[in-house]
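Presented below is the structure to which this report refers.
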């Protein structure tokens, strides 16, 4: 509970509240636990809630008409997110929310939280700033998907995977399908470019792990790939 209180108190939206308002908001929270693979909501649902991730992580997924999934973004411990119906009644969600690992969230309904946000200008301001940041991030993702070829998106994903890791082999924690979902492509394309990177001496890859052999070349592909 101490860690939960710390996550709540350190979140920019809640940190500006008075102690009395913090206690009120905490008491109104509903704690919910989800197992890996469960969905909080499905694309098209009406979901008037806001949540804070206490433990775990959640993917926001967008499905294509062909049945492919794109991981639009991932929410981790300490992040907050909301359904569109939290702000606009009866507005459906444009994405599904899938649990990546066993996850615990604090959940608030619009009816319980909005009156407090309306009365607390600083908290409403911080939530507005967060919404602008997420809009900018969505624009960046759209630009990457539109203008950056598959090779560049895959190189960027590999760089993100090994960032902050020690030198040495990195366990392949993502399947080909999961990697494809992260970059908006197919498993066949992912497999093709992984082998191309290996042939070019950029990575060394096996069934269970990979090692970046030339980080400069990988970074160049991530920023200057032409396909």
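Since every read-out is calculated from the coordinates, none of them should be taken as a lab result. As the structure is a computational prediction, the values presented were derived from the model and not from experiment. Note: ideal-geometry Cβ built from the backbone for every residue, glycine included; neighbour counts use all protein chains shown.
Annotations for the structure displayed:
- Between residue 118 and residue 89, the FRET efficiency estimated from the beta carbon spacing at R0 = 22 angstrom works out to 0.90.
- Inter-label distance, residue 157 to residue 176: 1.2 nm, where each label sits 7 Å from its Cα along the C-beta direction.
- Evaluated at q = 0.15, 0.20 Å⁻¹: base-10 log I(q)/I(0), Debye formula over Cα of the stretch 1-69: -0.66, -0.97
- Applying 0.36 nm per residue to the separation of residue 18 and residue 109 and subtracting their alpha-carbon distance, the gain on full extension is 30.7 nm.
- In this calculation the C-beta distance from residue 132 to residue 204 is compared with R0 = 25 Å, giving a FRET efficiency of 0.05.
- Structural descriptor for the chain: relative contact order 20 percent, calculated from alpha carbon pairs under 8 angstrom and at least 6 residues apart.
- Peptides 214-220, 190-196 ordered by average Cβ neighbours within 10 Å, highest first: 190-196, 214-220
- C-alpha center-to-center spacing [the stretch 1-52, the stretch 81-138] in angstrom: 10 Å
- Quotient of C-alpha Rg and 2.2 N^0.38 Å, computed over the chain: 1.15
- The Cα atoms of the stretch 148-224 define a convex hull whose projected area, averaged across directions, is 4.5 nm².
- Value at 222 nm in deg cm²/dmol, rounded to 500, when DSSP H runs of n ≥ 4 in the chain each add -39,500 (n - 2.57): -14000 deg cm²/dmol
- Over the stretch 83-154, the alpha carbon radius of gyration divided by the compact-protein estimate 2.2 N^0.38 Å works out to 1.45.
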